[in-house]
Ligand code: 9UX
């Protein structure tokens, strides 16, 4: 199955930041697709909720030094 969630990410200041976060999210088992937009400070993530929870997605962002807030 697939859920889609959006996360607000604080602290990204360059495209290297957003690429780091995007790669980290894509590396989490259960994530099918992750797109991070620097301009809007948002990530859109498609994931299998049987494999990964959105709390784990937030942890993956915060492990890289950014603040993550679930928005939908
Ligand atoms: Mo860009 Mo982000 O030089 O922590 S990688 S500011």
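The values are calculated or read from the model by the stated rules, or taken from the named source; none is laboratory data. Remember, it's a predicted structure, so these values are computed and weren't measured experimentally. Heads up, the Cβs are rebuilt from the backbone with ideal geometry, glycines too, and the neighbour counts pull from every protein chain shown.
A few notes on this one:
- Any hit, the stretch 4-16, residues being in a helix (DSSP H, G or I), in contact with a strand residue (DSSP E or B) (Cβ under 6 Å, 6 or more places away or on another chain) and at negative phi: no
- Per the conditions (1) in contact (Cβ under 8 Å) with a residue 40 or more places away in the chain; (2) surrounded by 14 or more Cβ atoms within 10 Å (Cβ to Cβ), the sole criterion not satisfied by residue 65 is (2).
- The stretch 1-45, residues that are closer than 13 Å to residue 66 by Cα, free of Cβ contacts under 8 Å to residues at least 24 places away in the same chain and under 12 Å from the mean Cα position of the chain (by Cα): 18, 19, 22
- When the criteria are applied in full, residue 61 meets the requirement of being in a helix (DSSP H, G or I) and in contact with a strand residue (DSSP E or B) (Cβ under 6 Å, 6 or more places away or on another chain).
So that you can scan it fast, the table gives a plain yes or no per residue for (1) under 15 Å from residue 72 (Cα atoms); (2) more than 15 Å from the ligand (Cβ to nearest atom); (3) touching a helix residue (DSSP H, G or I) at 6+ places or on another chain (Cβ under 7 Å); (4) modelled with pLDDT of 95 or more:
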| site | (1), (2), (3), (4) |
| --- | --- |
| 9 | yes, no, yes, yes |
| 15 | no, no, no, yes |
| 23 | no, no, no, yes |
| 28 | no, yes, yes, yes |
| 33 | no, yes, no, yes |
| 39 | no, no, no, yes |
| 44 | yes, yes, no, yes |
| 52 | no, yes, no, yes |
| 58 | yes, yes, no, yes |
